[in-house]
Amino acid sequence: EAGVTQSPTHLIKTRGQQATLRCSPISGHTSVYWYQQALGLGLQFLLWYDEGEERNRGNFPPRFSGRQFPNYSSELNVNALELEDSALYLCASSLVGSWRWDYGYTFGSGTRLTVV
Amino acid sequence: AQKVTQAQTEISVVEKEDVTLDCVYETRDTTYYLFWYKQPPSGELVFLIRRNSFDEQNEISGRYSWNFQKSTSSFNFTITASQVVDSAVYFCALSDGYAGGTSYGKLTFGQGTILTVHP
């Protein structure tokens, strides 16, 4: 069974540009979560999508947005990039909405975004 | 607000030593899950263990064991007979609460402990 797949692996953008990161969940998983892991700041919750709807978002500005497609894959868009957006962006998926935490929460390998 | 504290920033041990990673958490929820994840240099977060707040039974799984004490809000993780391949960053995480079938889908992570196992 394929795991959570993220693309691209690395992305280099210039300040002010837009970045698009993609995530394909494990087959059958309907929920997708996004986290930011910036140096020195640990892992911060960004967004949760389930069945195509945004269910929750973390304490991030509106220029961080995303969507979930009918096949449950997801995109994270970061507009007007700033230097401090440089981070590892991790995606996770779960079988159902995470109120059933015992279904697990599987992470991908991440996209490393560098803003110059 | 939820909070997870991993007081140990870095731990260095020699192969075959036992090592315990500490985790203390804060939450007002009565039902929640606690997790340990491992992050090798490749970046992927690898799931290790999960414990429901109602289940304080401590278990051993291979070289891994954990000590969950709700009274002290601690969820410590032990690797027995450490190996070089155990070198990684280890994260403790706390789920938001769930009640009546709803949750906010969020994990709160500690800052991580860098474990280095020397041969």
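Within the option set A:G16, A:G3, A:G58, A:G42, being on the phi > 0 side of the Ramachandran plot and surrounded by 13 or more Cβ atoms within 10 Å (Cβ to Cβ) holds for one residue only, A:G42. Return yes when A:Y35 is at pLDDT 95 or above, under 16 Å from B:G105 (Cα atoms) and open to solvent by less than 50 Å² (accessible area, probe 1.4 Å) and no when it is not. It is true that A:Y35 is at pLDDT 95 or above, under 16 Å from B:G105 (Cα atoms) and open to solvent by less than 50 Å² (accessible area, probe 1.4 Å). Within the range B:18-52, the set of residues being over 19 Å from B:S71 (Cβ atoms) and open to solvent by 80 Å² or more (accessible area, probe 1.4 Å) comprises B:D18, B:P41, B:S42, B:F47.
Residues of the range A:10-43 being in contact with a helix residue (DSSP H, G or I) (Cβ under 8 Å, 6 or more places away or on another chain) and away from every other protein chain (no Cβ under 14 Å), which ones? Passing the criteria: A:R15, A:A19. Remark: A:P62 matches the filter, which requires a residue to be at pLDDT 95 or above, assigned to a loop (DSSP other than H, G, I, E, B) and either closer than 24 Å to B:Q2 by Cα or in contact with a Leu (Cβ under 7 Å, 6 or more places away or on another chain) (or both). Listed by position, the strands (runs of 3 or more DSSP E) contained in the range B:53-95 that have at least 3 residues being crowded, with 16+ Cβ neighbours inside 10 Å, free of Cβ contacts under 8 Å to residues at least 60 places away in the same chain and in contact with a strand residue (DSSP E or B) (Cβ under 6 Å, 6 or more places away or on another chain) are B:64-69, B:74-79. Whether any residue in the range A:91-112 is open to solvent by 30 Å² or more (accessible area, probe 1.4 Å) and part of a strand (DSSP E or B) is what I want to check. Yes, the conditions are met somewhere in the range A:91-112.
The values are calculated or read from the model by the stated rules, or taken from the named source; none is laboratory data. Not measured: the values here are computed from a predicted model. Backbone-built Cβ (ideal geometry, glycine too); neighbour counts: all protein chains shown. Heads up: the accessible areas ignore ligands, DNA and RNA and are worked out on the full protein's heavy atoms, side chains in. Shrake-Rupley method; radii C 1.70, N 1.55, O 1.52, S 1.80 Å.
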